[in-house]
Amino acid sequence: MNAYDGIRIASMLRGMGFAETPDVSDADIIILNTCAVREKASNKVFSELGRIRDIKKPDALFGIVGCVARESGADAFRRIPSLNFVLGPQSYHKLPEIIENPDAKLLNVDLSGLEKFDELPDMTDGPAAAYIPIQEGCDHCCTYCIVPYTRGRELSRPFDDVMRDVNAAAANGAIEICFLGQNVNGYKFSLANLIRETAKIESVRRIRFTSSYPTEMTDDLISLFGTEPKLLPFLNLPIQSGSPDVLTRMNRPYSLELYIDIVNKLKAVRPDIQISSDFIVGFPGETDSEFRDTMDIIRLVGYINSYSFKYSPRPHTAAALMKEQIPENIKKARLKTLDAALSEINREFNESCVGKTFECLIEGQDKTGKHLIARSPYMQQVVIPKPESDSGPMISVLITDANKCSLRGKIVRNPI
Ligand code: SAH
């Protein structure tokens, strides 16, 4: 969601005549787009703001947007008085107000729901892989998570509004559409129907969505993985923990049986599907044996490309008040153990890809300019020697080599 917000802000500013600069000290407007999900990222924001304050042009407009802005509100002005604006994740469409009136201070951390989607100017440019948000906020209230506080109650955007954005993204050159939401498969007007409608657009070649909640995985959506070839065979389905008791304390009321049943149904309709997850280790009260349950589930499901975090207590959340907070050294050790196992499974999966041919979407090139960087259907990074002639956005790649982080390959033919 943050990446999407950043893209929209950059596009809005380009439309107002601004151009990007890699040099902060050269910028006329500086916006720090922030995430509050974990404490470390949140803490870094204020030291980064201090650093920028010291090197920016004196009259540059300077502000903070996103979840840390929402979390700190007016306090951000107290901590960094030279800030010109503090805008929450649902109010950054107000940015033109401060550009028109640069001597004012602008504070808006309202949860204005879907307003920004109506107010933001249409995108006139776009990447080959486009994010389309279909939802704001989240109603799940996991006990560790600050998102319901920073992004508010869950709201689904109207179906027609989403399809208008999809069509605009396709007209701007999007080959891949990624539907976004905190609870994306809980989209009120049917994610499955959105995917069906999007798949009808000829120039769209790949469709995916993130991030899903296990109990919202309907049979209709599951069966679509078997019938819709444009839907990538890769799904992020966060389990968070393999211990039923930890899941209860997290207020994630699904059983492991239900979760595994979903994975089995997905594999039955799409045998080549791979699952990724988010994990939290060191949740309050997590015992060694509960942590081992998580280690067991990762071997059982065989997750690839997953995200793993040490539990981080956040303001406005129930888990931050739980007794039995786990000491940092134990959290660290558990994360290391988990990451080693996840890496090993990744390496095995990546190695199993050698000799296969994947349709990949080009993302850019490496620093040397000699290689293209592309994404496989499983979102693996694929490094390919750059061809002499322009290859178009999609390429067929024979995978020749693999390690735990990425693949190498060569173009075998050009499908577009
Ligand atoms: N609905 C989104 C949640 C966004 S946060 C999603 O499912 O991705 C992304 C991930 O950050 C979560 O899945 C969770 O694994 C992790 N996370 C959230 N709050 C956390 C906390 N307090 N400490 C550590 N990790 C956290």
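The values are calculated or read from the model by the stated rules, or taken from the named source; none is laboratory data. All values derive from a computational prediction rather than experimental measurement. Backbone-built Cβ (ideal geometry, glycine too); neighbour counts: all protein chains shown. SASA here: full protein model, heavy atoms, side chains in, ligands and nucleic acids out. Shrake-Rupley method; radii C 1.70, N 1.55, O 1.52, S 1.80 Å.
What Cys residues in the chain are without a partner cysteine, judged by a Cβ distance under 4.7 Å?
Unpaired cysteines in the chain: CYS35, CYS67, CYS138, CYS141, CYS178, CYS353, CYS360, CYS405.
When only the heavy atoms of the protein chains count and the probe is 1.4 Å, how do THR150, THR143, THR337 rank by accessible area, highest first?
On the way: THR150 0, THR143 20, THR337 65 Å².
From most accessible down to least: THR337, THR143, THR150.
What's the local net charge at PHE349, with K and R +1, D and E -1, over the other residues with C-beta under 12 Å away?
Working: positive: ARG347, LYS356, LYS404; negative: ASP272, GLU344, GLU348, GLU351.
Net of charged neighbours comes to -1.
Express in whole angstrom the spacing between the alpha-carbon centres of the stretch 138-187 and the stretch 294-359.
The stretch 138-187 and the stretch 294-359 have Cα centres spaced 25 Å from each other.
Just to be sure I understand the model, the point goes 7 Å from the Cα along the line to the Cβ. What's the resulting ASN2 to GLU363 distance in nm?
About 1.7 nm, to one decimal.
Between ASP28 and ASP288, how high is the FRET efficiency from 1/(1 + (r/R0)^6) when r is the Cβ-Cβ distance and R₀ = 51 Å? Nearest 0.05.
Working: r = 54 Å, r/R0 = 1.06.
The computed FRET efficiency comes out at 0.40.
Hey, for a label at ASP272 modelled as a point 7 Å past Cα toward Cβ, could you say which residues of the stretch 358-393 have their backbone N under 12 Å away?
Only 358-360, 377-378 pass the distance filter.
Determine the share of the stretch 1-70's accessible area contributed by carbon and sulfur atoms, expressed in whole percent, with a 1.4 angstrom probe.
The nonpolar share, carbon plus sulfur, comes to 52 percent.
Starting from the stretch 1-92, pick out the GluC sites (Glu not before Pro) whose DSSP state is loop and whose Cβ has at most 15 other Cβ atoms within 10 Å.
Answer by residue number: GLU20.
So who's got an amide H within less than 5 Å of the one on LEU407, skipping anything under 5 residues away but keeping other chains? H placed 1.01 Å off N, in plane.
For LEU407, the qualifying residues are GLN381, VAL382, VAL383.
Pairs LYS230/LYS267; LYS57/LYS116; LYS57/LYS94; LYS188/LYS265; LYS116/LYS200: which are spaced more than 21 Å apart, C-alpha to C-alpha? Don't skip to the answer; put the middle values down first.
Details: LYS230/LYS267 17 Å; LYS57/LYS116 29 Å; LYS57/LYS94 23 Å; LYS188/LYS265 23 Å; LYS116/LYS200 28 Å.
LYS57/LYS116; LYS57/LYS94; LYS188/LYS265; LYS116/LYS200, as the Cα separations exceed 21 Å there.
Looking at the stretch 78-143, which trypsin sites (Lys or Arg not before Pro) are DSSP coil and have at most 14 other C-beta atoms within 10 Å of their C-beta?
Qualifying residues, ordered by number: LYS105.
Calculated FRET efficiency, ARG299 and MET322, Cβ-Cβ r, R0 30 Å, to nearest 0.05?
With a Förster radius of 30 Å, E is 0.60.
Shape verdict for the stretch 70-120, please, from the Cα gyration tensor: rounded (a/c under 1.5), prolate (a/b greater than b/c) or oblate.
Since a/c reaches 1.5 but b/c is at least a/b, the shape of the stretch 70-120 is classed as oblate.
Go through ARG249, ARG153 and list them by solvent-accessible area, largest first, probe radius 1.4 Å.
ARG153, ARG249
Cβ under 15 Å from VAL37's Cβ, VAL37 left aside: what net charge do those residues give with Lys, Arg +1 and Asp, Glu -1?
Details: positive: ARG38, LYS40, LYS44, ARG70, ARG151, LYS310, ARG314; negative: ASP5, GLU39, GLU71, ASP278.
Local net charge: +3.
So which GluC sites (Glu not before Pro) in the stretch 164-227 pass both tests, a DSSP loop state and at most 15 other Cβ atoms within 10 Å of the Cβ?
Passing sites in the stretch 164-227 are GLU202.
How would ASP103, ASP401, ASP75 rank on accessible area, largest to smallest, probe 1.4 Å?
Sorted by accessible area, descending: ASP103, ASP401, ASP75.
Quickly work out the SER223-to-THR337 label distance, labels modelled 7 Å from Cα along the C-beta direction, and quote it in nm with one decimal.
4.3 nm
What distance in nm separates the simple spin-label points at MET163 and ALA19, each placed 7 Å from Cα in the Cβ direction?
4.0 nm
With the contact rule set at Cα under 8 Å and sequence spacing of 6 or more, what percent relative contact order holds for the chain?
Numbers: 777 pairs, mean separation 40.6, N = 416.
About 10 percent, as a whole number.
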